[in-house]
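The values are calculated or read from the model by the stated rules, or taken from the named source; none is laboratory data. Bear in mind the structure is a predicted one, so any value in this text is a computation, not a measurement. Positions of Cβ are generated from backbone atoms using ideal geometry, with glycine treated the same way; all protein chains shown enter the neighbour counts.
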Ligand SMILES: [Zn+2]
């Protein structure tokens, strides 16, 4: 893989404001699967799952899971599962080199298709996905905690299904939602599993980008979102949350790719920055200006740790069909 090309703005995002926690006490699990804990209320109700650290350098998820498990959160109804997704990658996290340790062998969020059954492929992440799959395939509602490279308010990424839409609407701490079609079967993410994209069953998997990877406030926000998610399905008692944020349903109009080593953003834009006019300057790629292609565009998840010819962010507009 090509090296990350840093600039002044991206370097400013390398500060790690909090320490990762030791997850080894959670290794044994209570289901026979390492780092996976399921609690059954014994009463009817949905099976909800909270995943964290699918990407090993997105350490906020481990702190949230640690908090929920330490306070012995148990479901009032249904079942509740906590999952440390990629413990090996997480344990390689180094605050002096925090962009590394996203995975051990390959991105675990791209192995949920044929990899689950193709025994010629056996990377650490594929083996972990196979280990988790039997439990995931019994889950009704899954919240997968991720984080992003830029600062900014939380973003939910989901399938474009009715069940996913119903699920994200409950998350009033998440001001941006991007729904998309299931991609190439070679690149299935956890949220793309057919299990969560079956119109006959109202199941959903939502990926939450809770904030910048290593800002302390991301842990706080992820924690609030998880609690709201569980409250909305009646698994935990209602508790006070910050005021609801207006939620924008967005659709992607462009995934920006950089072509030159010298790409840089023209400003340190936060994720969620709004550009009223088409033609607004976003960055410079070599000697070419990168501008918004249409009016009323949001810059979502600008990429600061870029690689040559890699993505540098997405531009999205309000999806009128999904706005309520
Ligand atoms: Zn991630």
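If you filter region 195-214 down to residues that are within 15 Å of the ligand (Cβ to nearest atom) and in a loop (DSSP other than H, G, I, E, B), you find that the one that is surrounded by the fewest Cβ atoms within 10 Å (Cβ to Cβ) is 214. Would you check if there is a residue in region 161-175 being within 16 Å of the ligand (Cβ to nearest atom) and either in the same structural domain as residue 286 (by TED's automatic domain parsing) or touching a residue at least 60 places away in the same chain (Cβ under 8 Å) (or both)? Yes, there is a match, as at least one residue in region 161-175 is within 16 Å of the ligand (Cβ to nearest atom) and either in the same structural domain as residue 286 (by TED's automatic domain parsing) or touching a residue at least 60 places away in the same chain (Cβ under 8 Å) (or both). Against the numbered list (1) in contact with a strand residue (DSSP E or B) (Cβ under 8 Å, 6 or more places away or on another chain); (2) within 25 Å of residue 167 (Cα to Cα); (3) surrounded by 15 or more Cβ atoms within 10 Å (Cβ to Cβ), residue 263 comes up short only at (2).
Restricting region 54-100 to residues that are assigned to a loop (DSSP other than H, G, I, E, B) and without any contact (Cβ under 8 Å) to a residue 40 or more places away in the chain, which is surrounded by the most Cβ atoms within 10 Å (Cβ to Cβ)? I'd like the intermediate steps shown before the answer.
Initial filter on region 54-100 (assigned to a loop (DSSP other than H, G, I, E, B)): 54-59, 71-78, 85-86, 92-100.
In the following step, the residues that additionally are without any contact (Cβ under 8 Å) to a residue 40 or more places away in the chain were identified as 71-72, 74, 92, 94, 96-97.
Numbers: 71: 8, 72: 7, 74: 12, 92: 16, 94: 12, 96: 7, 97: 11.
So the residue we want is 92.
Answer yes or no as to whether residue 182 is modelled with pLDDT of 95 or more and within 18 Å of the chain's Cα centre (by Cα).
Working: modelled with pLDDT of 95 or more: no; within 18 Å of the chain's Cα centre (by Cα): yes.
Spelling it out, it is not the case that residue 182 is modelled with pLDDT of 95 or more and within 18 Å of the chain's Cα centre (by Cα).
Residue count for region 141-160, restricted to those that are part of a loop (DSSP other than H, G, I, E, B) and either more than 14 Å from the ligand (Cβ to nearest atom) or farther than 21 Å from residue 241 by Cβ (or both): 6.
Here is the figure for region 313-324: residues that are farther than 17 Å from residue 153 by Cβ and crowded, with 22+ Cβ neighbours inside 10 Å total 0. Condition first: assigned to a loop (DSSP other than H, G, I, E, B), within 16 Å of the ligand (Cβ to nearest atom) and assigned by TED's automatic domain parsing to the domain that holds residue 167. Can you find one or more residues in region 109-118 that meet it? Within region 109-118, one or more residues are assigned to a loop (DSSP other than H, G, I, E, B), within 16 Å of the ligand (Cβ to nearest atom) and assigned by TED's automatic domain parsing to the domain that holds residue 167.
Got a number for residues in region 119-138 being assigned to a loop (DSSP other than H, G, I, E, B), touching a helix residue (DSSP H, G or I) at 6+ places or on another chain (Cβ under 8 Å) and at pLDDT 95 or above? Walk me through how you get there before you give the answer.
Quick first cut of region 119-138, residues assigned to a loop (DSSP other than H, G, I, E, B) only: 119-123, 137-138.
Checking the rest, the ones that are also touching a helix residue (DSSP H, G or I) at 6+ places or on another chain (Cβ under 8 Å) come to 121, 137.
Now drop any that are not at pLDDT 95 or above, which leaves 137.
Selection size over region 119-138: 1.
What number of residues in region 215-249 are in a loop (DSSP other than H, G, I, E, B) and surrounded by fewer than 22 Cβ atoms within 10 Å (Cβ to Cβ)?
Number of matching residues: 15.
What is the residue count in region 293-306 for residues that are farther than 19 Å from residue 262 by Cα and outside any strand (DSSP E or B)? Walk me through how you get there before you give the answer.
So the first thing to find is which residues in region 293-306 are farther than 19 Å from residue 262 by Cα, and the list is 293-301.
Next, from what is left, pick out any that are outside any strand (DSSP E or B): 293-296, 301.
Total satisfying the criteria: 5.
Has region 272-284 got at least one residue that is under 24 Å from residue 54 (Cβ atoms), at pLDDT 95 or above and assigned by TED's automatic domain parsing to the domain that holds residue 307? Yes, there is a match, as at least one residue in region 272-284 is under 24 Å from residue 54 (Cβ atoms), at pLDDT 95 or above and assigned by TED's automatic domain parsing to the domain that holds residue 307.
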